[in-house]
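Quick notes on the structure that follows.
The values are calculated or read from the model by the stated rules, or taken from the named source; none is laboratory data. In this text, all values refer to a predicted model and were calculated from it rather than measured experimentally. Positions of Cβ are backbone-derived with ideal geometry, glycine not excepted, and every protein chain shown enters the neighbour counts. Side chains included, ligands, DNA and RNA excluded: accessible areas come from the protein's heavy atoms. Shrake-Rupley method; radii C 1.70, N 1.55, O 1.52, S 1.80 Å.
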Amino acid sequence: MGGIEVKDLVFTYPGTSSETLRGVDLSVGEGEFLSLIGPSGCGKSTLLRLLAGLERPESGSLFCGGVPITGPGSDRGVVFQSPALFPWMTARDNVSFAIRKSDHSLSRAEARSRAEEALCRVGLADSMSMLPNQLSGGMQQRVAIARVLGMGCPTLLLDEPFSALDPKNRFALQELLLKLWEEDRKTVLFVTHDMDEAILLGDRVAFMEPGRIVFRHKIPFSRPRQRETLLISSECCALRRDMISLFYKWGETAEVNP
């Protein structure tokens, strides 16, 4: 099981006087893809870091698969905006190293085999022996995705993983992520600033204003989704307008289809 539950979460960074998160409630069903959007500094990345176990809350509770989150765990894979690859390791070794760290029972050969399988799934079959500085930004992020695939995490936490890429690579990786999700149906929490990306990828979208979630909406479009027709449809334009309006309505609460 890989569902996420956040209940009445409060968090303040040390040395600051105001709460970064205050009373946050959020659920992501097992196998669901939830897009989380909001302005810079509203707490999206902080929430993801708490779910990853990299920070501890002041109060409230965090669960993954029904188990309290008390620190990092192999049940959750994290992909950040920066792929954070070891520069002295090949793509294969970066993935294999993470796999062995998550499961110490695996031999080097077993981890290597799983790494190669994951790299093939993200389209890097011919680039396994390359170092990070020999890979494009899009290819490096594919390695980061392969890393969490190889670890076998049932829950994926992605923090603006495509925001530093050019449009062509961004669109390609969106399509890749959708394909992988449709094959594995992992639970995904996807943080983004891009409204079209949130709509294209998610089953639901949640909007954060500083410190709290104020908008939840089911994405009413069937899968598979075609970018070219979906994003210009009247239904998508109406949903996009609702989300844009929230950027100008901080301080008001709007709950839609929670």
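At least 1 residues that are surrounded by fewer than 19 Cβ atoms within 10 Å (Cβ to Cβ) in each: list the strands (runs of 3 or more DSSP E) lying fully within the stretch 152-225 that qualify.
Values: elements: 155-159, 187-191, 204-209, 212-218.
Once the strands (runs of 3 or more DSSP E) in the stretch 152-225 are filtered for at least 1 residues that are surrounded by fewer than 19 Cβ atoms within 10 Å (Cβ to Cβ), what remains is 212-218.
So which residues in the stretch 83-108 are part of a loop (DSSP other than H, G, I, E, B) and in contact with a Gly (Cβ under 9 Å, 6 or more places away or on another chain), if there are any at all? Full working, then the answer.
In the first step, residues of the stretch 83-108 are kept if they are part of a loop (DSSP other than H, G, I, E, B); the result is 83-90, 103-107.
Pro83, Asp103, listed by residue number.
Name the single residue that is most open to solvent (accessible area, probe 1.4 Å) among those in the stretch 111-144 being touching a Gly at 6+ places or on another chain (Cβ under 9 Å) and hydrophobic (A, V, I, L, M, F, W, C).
Met139
Yes or no: Asp93 at negative phi, out of contact with any Pro (no Cβ under 9 Å at 6 or more places or on another chain) and surrounded by fewer than 21 Cβ atoms within 10 Å (Cβ to Cβ)? Walk me through how you get there before you give the answer.
Numbers: at negative phi: yes; out of contact with any Pro (no Cβ under 9 Å at 6 or more places or on another chain): yes; surrounded by fewer than 21 Cβ atoms within 10 Å (Cβ to Cβ): yes.
Spelling it out, Asp93 is indeed at negative phi, out of contact with any Pro (no Cβ under 9 Å at 6 or more places or on another chain) and surrounded by fewer than 21 Cβ atoms within 10 Å (Cβ to Cβ).
Mind checking whether some residue in the stretch 93-100 is under 30 Å from Arg240 (Cβ atoms) and of a type outside the set (A, V, I, L, M, F, W, C)? Let's see the steps before the verdict.
At the first step, the residues of the stretch 93-100 found to be under 30 Å from Arg240 (Cβ atoms) are none.
So far as the stretch 93-100 goes, no, none of its residues is under 30 Å from Arg240 (Cβ atoms) and of a type outside the set (A, V, I, L, M, F, W, C).
Which residue is nearest to Glu19 (Cα to Cα), if the candidates are limited to the stretch 226-251 and must be among the hydroxyl-bearing types (Ser, Thr, Tyr) and open to solvent by 30 Å² or more (accessible area, probe 1.4 Å)? Outline the logic, then answer.
From the stretch 226-251, those among the hydroxyl-bearing types (Ser, Thr, Tyr) are 229, 233-234, 245, 248; that's our starting set.
Those still in the list that are open to solvent by 30 Å² or more (accessible area, probe 1.4 Å) too: 229, 234, 245, 248.
On the way: Thr229: 41, Ser234: 38, Ser245: 24, Tyr248: 21 Å.
For the stretch 226-251, the residue satisfying everything is Tyr248.
What pairs can you find where one residue is in the stretch 203-223 and on the phi > 0 side of the Ramachandran plot, the other is surrounded by fewer than 20 Cβ atoms within 10 Å (Cβ to Cβ), and their Cβ atoms are less than 7 Å apart, with a gap of 6+ or different chains?
The qualifying pairs are Gly211/Glu19; Gly211/Arg22.
Could you please find all residues in the stretch 31-82 being open to solvent by less than 40 Å² (accessible area, probe 1.4 Å), part of a strand (DSSP E or B) and of a type in the set (Gly, Ala, Ser)?
Result: Ser35, Ser61, Gly77.
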